[in-house]
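Reading through the structure tokens given below for one structure.
The values are calculated or read from the model by the stated rules, or taken from the named source; none is laboratory data. Model, not experiment: these values are computed from the prediction. A quick note on method: Cβ atoms are made from the backbone with ideal geometry, for glycine too, and the neighbour counts reach across all protein chains shown. Just the protein is used for accessible areas: all its heavy atoms, side chains included, with ligands, DNA and RNA removed. Shrake-Rupley method; radii C 1.70, N 1.55, O 1.52, S 1.80 Å.
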Amino acid sequence: MKSCQNNLEKIKPTMNKNSKKFRRDLQHHIQKHLIKDLEKCCGYELNFGKGEVVETDNKVTWKFKDETDHGFSKEEEDMYDRHWRLELDVSCTNESAMVDVEYKSIPM
């Protein structure tokens, strides 16, 4: 949105997974902004590390996994006994500049 001055009409048709600049900017945004914003919102440290890039003919997906045992504190653990791990999938296609973000918490 920054490159098109927050005007959806100015998005270029070349802004998609086929553009090296678009992919580089998206990778940078994921690493420097998205994961840090998610940490602020959820309130605990995320350890996604380096993501796996899966590319098909019409789609690119960055897959991040956090295998850390997230859960309640020791006091609350007796009441709830819930623990989870996290996955983050960010994908874009060759048809548009829209990016899909899927944030999953998977029970352990």
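A few notes on this one:
- Pairs, first without any contact (Cβ under 8 Å) to a residue 12 or more places away in the chain in segment 34-49, second in a loop (DSSP other than H, G, I, E, B) and open to solvent by 50 Å² or more (accessible area, probe 1.4 Å), C-beta under 8 Å, six or more apart: GLU39/GLU45
- Restricting segment 71-100 to residues that are at pLDDT 65 or above and of a type in the set (Gly, Ala, Ser), the residue that is nearest to the chain's Cα centre (by Cα) is SER91.
- Test: residue in segment 32-39 that is in contact with a Phe, Trp or Tyr (Cβ under 8 Å, 6 or more places away or on another chain), modelled with pLDDT of 85 or more and open to solvent by 50 Å² or more (accessible area, probe 1.4 Å): no
- Considering THR61, THR14, the condition of being surrounded by 10 or more Cβ atoms within 10 Å (Cβ to Cβ) and either part of a loop (DSSP other than H, G, I, E, B) or modelled with pLDDT under 80 (or both) is satisfied by THR14 alone.
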